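Remarks on the structure that follows.
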Amino acid sequence: MIDLLLAEPETKEIRVLDNFSSGRLEHLDQHKNDPRLKIIQLDLLDLEKAVPHFAGVDQVFHLAANPDARWGIANTRLDLEQETVVTYNVLDAMRRNSVPQIITSSSGTVYGDVGTTVTHENLGPCLPVSLYGAGKVAAEALITAFCATFGLRAIILRFGNIVGERTTHGAIYDFMKQLAKNSAELKVLGNGLQAKPYVYVRDLVGALQFAGRKCLKLPPSKFDVFNVAPDGASSVRFIAEDLVEQLGFKGRTKIIYGSTAGGWPGDVAQSRMDSSKIRKAGYILPRSSDEAVQFAISRIIEWLPQRKGAEDDLRLPPDAVLKKCAS
């Protein structure tokens, strides 16, 4: 998102507020000499420290959250704090500084476990099955309430699963770490038939940019909600098999699947999302779910040898024989 905003000549300043618990400073290195980028390392749970940094801001892109639903199983306060309390703090900091609009990242997890039902924005009630999804539902409710009470404008984007370079979690990340240690086998949580819609990260950034423009046109106190995901879904088996193939391990790596339909407690094994509303509004994702997965894997493979100052041990398997994937 920062890459795109800094590429726009009308951008005067971007303030990044992050505790970098999951984000990586290395991902901002290419912009470190751009005086328009201000990086403020702080915890958004500290409202009073956050408030001054919202002064003079025209628009907020609220992307702060726990990035992995599994983490909330061990720490049950995590999603309460990182989705709900942090969202309240952002909204109140906006209110105190008269910031007029917010674009926020929500998730298809808000719909709960509805199987292969194709979910649309008016489906309800939202009954999430993970603490992550519950935190997102609560955050959405706070946003709409602040809009109605204090005259803010908001666009809520409910994302499918996000994949791409600069990855810090998720199935591809987990599989790559396994294969870097032992390319002879790959263990998969669940039976691999879990299937969800996947979005390539830079395509998703295009949706955020679109939402930013659309939010400007909303009257005060109004908000809108859009799904952002391709039609259909990609299975975990497809992800595992394509990664193995792109690394040159096809026929050599044994993929070992579990027996359960879901990967972990709270996992939504099947998800389908209807994004016709945002398409009609003017934004169309350029890739199908399978295309997004394949392209993301190819970009991750290209990115890993190039990155510097890595803050984790994610790396290519040393015995990989790489294949090129079409863009």
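Coordinate-derived values only; no laboratory data. Just so it is clear, the model here is predicted, and its values are computed rather than measured. We place every Cβ from the backbone using ideal geometry, glycine too, and count neighbours over all the protein chains shown.
Observations, loosely collected:
- Ordering THR144, THR260 by the number of other Cβ atoms within 10 Å of each residue's own Cβ, fewest first, gives THR260, THR144.
- For peptides 156-165, 59-68, sequence by mean Cβ density within 10 Å, most packed first: 156-165, 59-68
- Residues ILE73 and ARG36, FRET efficiency given R0 of 35 Å [Cβ-Cβ distance, rounded to 0.05]: 0.35
- Taking every full run of DSSP H in the chain, the ones that stretch at least 27 Å from end to end by Cα along their long axis and average 1.0 or higher on the Kyte-Doolittle scale are 131-150.
- Note on the chain: with a GNM built from Cα contacts shorter than 10 Å, the maximum mean-square fluctuation among ALA180, ALA207, ALA229 falls on ALA180.
- Prolate/oblate/rounded call for the stretch 22-68, Cα gyration tensor, a/c under 1.5 rounded: oblate
- Additional length obtainable on full extension of the chain from SER22 to ASN182, 0.36 nm per residue less Cα span: 55.1 nm
- Candidates VAL244, VAL118, VAL228, ranked by Gaussian network fluctuation over the chain, Cα under 10 Å, top entry: VAL118
- The alpha-carbon of LYS214 sits under 28 angstrom from the alpha-carbons of these lysines, leaving out residues fewer than 8 places away in its chain: LYS12, LYS38, LYS136, LYS196, LYS222, LYS277, LYS280.
- Within a Gaussian network of the chain (alpha carbon springs, distance under 10 Å), most fluctuating of GLU291, GLU13, GLU81: GLU13
- Averaging Cα coordinates gives a centre for the stretch 59-101 and one for the stretch 204-255; these two points are 21 Å apart.
- Between PHE175, SER298, GLY190, the Cα set farthest toward the positive side of the dipole of the stretch 161-315 (charges on each charged residue's Cβ, about the Cα centre) is that of SER298.
- When DSSP beta bridges are restricted to pairs lying wholly in the chain, around 5% turn out antiparallel.
- Trypsin sites (Lys or Arg not before Pro) restricted to DSSP loop in the stretch 235-313 with at most 14 other C-beta within 10 Å: LYS250, ARG252, LYS308
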